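Following: one structure in structure tokens, then a few remarks.
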Amino acid sequence: MGALLTERLAYMASIESMEQAAALGANVPDKTALLLGEYGAICPIAVLDRIRQTLKGPVLLELLSKNKNRDLIRSSIITSAACGFQGVLLASGIFSSGDGKARPVYDLDQAQMLRLALGLRETEAIPNSFIIAVRSASGNAPAELRARWYIEEGADYIALEKGAVPGLESKTLLIEPVRPA
Amino acid sequence: MIVTRKKDVETVKKHASKARKVIIVGCSECAAICRTGGSEQVREMAEAFSDREVLATISIESPCDKRISTRDFKRIEEELADADALIALTCGSGAQAISEVTGKRVVAALDTDFVGMVERLGRFYERCSHCGECILNETALLCPVTLCPKGVRNGPCDGIKGTACEVYEDRECVWHAIHSRLTERGELEAFTVYHAPVDWSECHSPKEAVWERS
């Protein structure tokens, strides 16, 4: 099981250039892990990994289920671990993006992604220390019930943009967007 | 019921540009209810083709049923033999069945949208995506595969906004509705029953249902 000595994730959702990412990384406070998002102009893991190498501290990859089938999700998790990311944050992704006309693919939901990732860790396809977190919501009963389920199933953390899930404080990472200075 | 939309008439006529003699074929079942292929729409299409020779118009009860189409086309055998093309105001299955039954060039005049639930005329709602792995009995008879834009089988997703769907903010998240309904029924334990991903190896197109002879 992975562990992260932080309660915050500095989130870079939309990365448009290597220079922008490096500048953002320099502004991130201590004891804050970085989270690189798949949105934006730069998204393939290999390129995001080049950005990761320019940054200090632990870096997680936000992995979207959107527009990936389960085969690509599996390879993305393994690739991110092989590249040296400290973990992944499993998210669903914004439904409509680009010109909005592409067929959205949601082969797996976040619960199914979690089971896939945990299975990879169990079979040692990814290191045991590789962090598996799930982006969650709060403030309503079904979202909080699902968040508890993620943790009970074996997720290391849930990650929230705001609010809290009562009783899961020690398992919660707060997502704090960072922007260019 | 199969919900259809009319194609633009000029587009239909363009696809039938080489046909001088045509037959207009309507559907007196689904397309009639949708007012895309009923007798009125058949008449309108015949008028739109007034610059050609309309040999016949016909409304078939279920044009997607090859047995019924075969039977009904016998009523216009002579016109059929003479026709250059058939204009099908039917769903895609109907148009293809007509093509196979008649061996004629068929122009599809409708776009097929979805399998719909009819609330009343003009109010059709998609409630089933025919995924082949129904979980309605665990989701209080609300289909998340259809009612969630992301098709989430274990929800809600991370985008839920209060009680609303992330994609359609004026609609309740279906997983919020499922939670409410299961709570009312005292069946909340069903909420976190894990639903495995759909096994697409069993869902390749084209699907078939062929009864074995006993």
For chain B, the longest site-free run once GluC sites (Glu not before Pro) in DSSP loop states with at most 11 other Cβ atoms within 10 Å are removed: B:1-168
How high is the relative contact order of chain B? Use alpha-carbon pairs under 8 Å, at least six apart in sequence, and give a whole percent. 17 percent
Taking amide hydrogens as modeled 1.01 Å from N in the peptide plane, which residues meet the under 5 Å criterion relative to B:Ser59, leaving out close sequence neighbours? B:Gly26
Per-residue Cβ counts within 10 Å, from other chains only, averaged over A:103-113: what number is that? 6
Taking the Cα-to-Cβ direction at B:Val167 and at B:Glu10 and moving 7 Å from each Cα, how far apart do the two end points lie in nm? 3.2 nm
Report the extension gain between B:Arg67 and B:Asp111 in nm, rounded to one decimal, defined as 0.36 nm multiplied by the number of residues separating them, less their alpha carbon distance. 13.5 nm
Please list, in chain and number order, the residues 5+ apart from A:Leu173 or on another chain whose amide H is under 5 Å from its amide H, with Hs placed from the backbone. A:Ile158, A:Ala159, A:Leu160
Accessible area of chain A divided out per residue, in Å², using a probe of 1.4 angstrom: 46 Å²
Count, for each residue of B:193-201, the Cβ atoms from other chains sitting within 10 Å of its Cβ, then give me the mean as a whole number. 3
To the nearest 20 Debye, how big is the dipole of the range B:131-195 about its Cα centre, given +1 on the beta carbon of each Lys and Arg and -1 on that of each Asp and Glu? 60 debye
Here the relative contact order (percent) of the range B:26-98, from C-alpha pairs under 8 Å and at least 6 apart, is 36 percent
Excluding ligands and nucleic acids, what accessible area in Å² is computed for B:Tyr168 using a 1.4 Å probe, to the nearest 10? 100 Å²
Surface per residue (accessible, 1.4 Å probe) for the range B:2-114, Å²: 51 Å²
Measuring from its Cα centre, the protein assembly as shown shows a charge dipole (+1 at each Lys and Arg Cβ, -1 at each Asp and Glu Cβ) which, in debye to the nearest 20, is 500 debye
Karplus ³J(HN,Hα) for the range B:203-212 (6.51 cos²θ - 1.76 cosθ + 1.60, θ = phi - 60°; Hz, whole; x = Gly/Pro) runs 10, 5, 7, x, 7, 9, 10, 10, 6, 7
Output ³J(HN,Hα) for the range B:184-198: one whole-Hz value per residue in order, computed from phi by the Karplus curve 6.51 cos²θ - 1.76 cosθ + 1.60 with θ = phi - 60°, and x for Gly and Pro. 4, 7, x, 10, 4, 4, 6, 4, 9, 5, 6, 10, 5, x, 4
Per the rule of 0.36 nm per residue minus the C-alpha distance, extending A:Ala82 to A:Glu16 adds in nm 21.4 nm
Using alpha-carbon positions, what is the distance between the centroids of the range B:145-214 and the range B:17-92, in Å? 39 Å
Using Cα-Cα distances under 8 Å and only pairs 6 or more residues apart, what relative contact order does chain A have, in percent? 24 percent
Once you have a ≥ b ≥ c as the square roots of the Cα gyration tensor eigenvalues for chain A, tell me rounded if a/c is under 1.5, and otherwise prolate or oblate according to whether a/b is larger than b/c. rounded
Pairs from A:Lys68/B:Lys13; B:Lys6/B:Lys66; A:Lys101/B:Lys7 whose Cα-Cα separation, in the structure shown, is over 30 Å: A:Lys68/B:Lys13
Roughly how big is the A-B contact, given as buried accessible area in Å² (both sides, 1.4 Å probe, nearest 100)? 2000 Å²
Quick one: dipole size for the range B:33-188, taken about the Cα centre, charges +1 on Lys/Arg Cβ and -1 on Asp/Glu Cβ, in debye to the nearest 20. 400 debye
Can you give the mean number of other chain Cβ atoms that lie within 10 Å of the Cβ atoms in peptide A:136-149? 6
Which residues qualify? For B:Lys161, with a placed amide H closer than 5 Å and at least 5 residues away or on another chain, they are B:Glu166
Determine which residues of the range B:183-214 fall in the zone a paramagnetic label at B:Glu100 would reach in this model, i.e. backbone nitrogen under 18 Å from the point 7 Å along Cα→Cβ. B:204-213
Only sites in a loop by DSSP and with at most 11 other Cβ atoms within 10 Å count here; which trypsin sites (Lys or Arg not before Pro) in the range A:57-101 make the cut? A:Lys101
What fraction of the DSSP beta bridges in the range B:44-177 is antiparallel, stated in percent and rounded to the nearest 5? 60 percent
Radius, Kirkwood style, for the protein assembly as shown when every pair of distinct Cα atoms is counted (Å): 24.3 Å
Counting DSSP beta bridges with both partners in the protein assembly as shown, what percentage is antiparallel, nearest 5? 20 percent
Where in the range A:73-181 are there GluC sites (Glu not before Pro) that are in a DSSP coil and have at most 12 other Cβ atoms within 10 angstrom of their Cβ? A:Glu124
Accessible surface of the protein assembly as shown [probe 1.4 Å, protein heavy atoms]: carbon and sulfur percent: 50 percent
Distance between Cα centroids, the range A:102-181 to the range A:65-86: provide it in whole Å. 15 Å
In terms of the charge dipole of chain B, which places +1 on Lys and Arg and -1 on Asp and Glu at the beta carbon, the residue among B:Ser39, B:Val145, B:Ser201 farthest towards the positive end is B:Ser39
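The values are calculated or read from the model by the stated rules, or taken from the named source; none is laboratory data. Worth saying up front: this structure is predicted, and the values here are computed from it rather than measured. Every residue, glycine among them, receives a Cβ derived from its backbone with ideal geometry; neighbour counts consider all protein chains shown. In case anyone asks, the SASA skips ligands and DNA or RNA and just uses the protein heavy atoms, side chains included. Shrake-Rupley method; radii C 1.70, N 1.55, O 1.52, S 1.80 Å.
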